[in-house]
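Reading through the structure tokens given below for one structure.
The values are calculated or read from the model by the stated rules, or taken from the named source; none is laboratory data. Quantities reported herein were computed from a predicted structural model and do not represent experimental measurements. Positions of Cβ are backbone-derived with ideal geometry, glycine not excepted, and every protein chain shown enters the neighbour counts.
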Amino acid sequence: MDLNSLQSCLSRLPLGQIAYFDEIDSTNEYALSWAEAGARHLSLVVADEQTAGRGRSGRTWFTPPGAALAFSLVLNQEELGFNQITRITGLGALGVCQVLKKIYGLGSQIKWPNDVLVGGSKLAGVLAEANWGGDELQSMVLGIGINVAQESVLPKSELNFPATSVETALGRPVDRWEMLKELLEAIIGWLPYLDQTEFLQAWEENLAYQKEWVQLISEYSKPVKGRLLGLESDGSLRLELPGGETRFFQVGEVHLRVVDRS
Ligand code: BT5
């Protein structure tokens, strides 16, 4: 891939500027600096390889060359509306689920808040980051990493959750640039409806572990066990605790694991 080919592949989409790198530290890092320097709404950064791809809380995201999709989309605040920023992670994850279904017939689910699972293994991760100018939100960067070929999956010993790739799940090669085009189309298509119930419902329908007992693990508080009920309008997770009380948990530094009731 090169910039010209990427531009022609994506020419029908209403994107801002496009940047392509054979190798970069992190597309989110680049997109955040670009956004700060005034990148237009829907500007896109794509890389074949990331040397310092990141996940949440300084964790790393593995993106070896030729095997994955890694990109970041700049979303300007004026185009978004402040109360929609908590829905951006869901937008990315839902977009991935819908595109896997649409082009490959592949069922997937969202492990709240930011992972996409196929057959219980992680196939994609989403990282939404904010670009603040003082107290004011200027823009959001929506970063998505998808394991396309098996080479993008780290060895088990380096993972804290099982992982897979699109090609492993399908048993055949796929065109990752077609996937990128379809995914951007899905994301851009949802943007005007982000504040609608329809979006929240679609997001909720794709949640993994519905009605199952899960545990939320955080570095800062004791683990909480509960039955997964669904989402609140700001994207918080609704759990029923063992005593029957309902509680909400915001997208913070939490990990979700499925557990036995006992
Ligand atoms: C995520 O974080 O899953 C968000 C990943 C976002 C990556 C994209 S790529 C484009 C953009 N530019 C960036 O720099 N980032 C975004 P989290 O839930 O914190 O998961 C991170 C954990 O997933 C790591 O600690 C590993 O255990 C695991 N992991 C790392 N690489 C993986 C891979 N390729 N496939 C599956 N799991 C992986």
key: Those residues of the range 186-197 which are in a loop (DSSP other than H, G, I, E, B) and under 16 Å from the mean Cα position of the chain (by Cα), in sequence order   = Leu194
request  = Please enumerate the residues belonging to the range 132-155 that are within 10 Å of the ligand (Cβ to nearest atom), aliphatic (A, V, I, L, M) and within 21 Å of Ile18 (Cα to Cα).
outcome  = Val141, Leu142, Ile144, Ile146
request  = For the range 55-67, name all the residues that are crowded, with 19+ Cβ neighbours inside 10 Å and within 14 Å of the chain's Cα centre (by Cα).
outcome  = Arg56, Trp61
Filter result for Val251 (of a type in the set (A, V, I, L, M, F, W, C) and not assigned by TED's automatic domain parsing to the domain that holds Pro113) = yes
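Have a look at Ala19, Ala47, Ala52, Ala31 and point out the one that is near the ligand (Cβ under 9 Å from one of its atoms), at pLDDT 95 or above and in a strand (DSSP E or B). Steps first, answer last, please.
Details: Ala19 fails: near the ligand (Cβ under 9 Å from one of its atoms); Ala52 fails: in a strand (DSSP E or B); Ala31 fails: in a strand (DSSP E or B).
Criteria check complete, one pass: Ala47.
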task = Looking only at the range 101-111, decide whether some residue is within 10 Å of the ligand (Cβ to nearest atom) and not charged (D, E, K, R).
result = no
task = Just one of (1) of a type in the set (A, V, I, L, M); (2) more than 8 Å from the ligand (Cβ to nearest atom); (3) under 28 Å from Val251 (Cα atoms) trips up Ala68, so point out which.
result = (2)
key: Residue match in the range 22-45 (condition: surrounded by 24 or more Cβ atoms within 10 Å (Cβ to Cβ), within 30 Å of Lys211 (Cα to Cα) and among the small types (Gly, Ala, Ser))   = no
ask   = Among the candidates Gln50, Gln84, Gln98, Gln109, which residue alone is more than 30 Å from Val214 (Cα to Cα), of a type outside the set (Phe, Trp, Tyr) and touching a residue at least 24 places away in the same chain (Cβ under 8 Å)?
value = Gln50
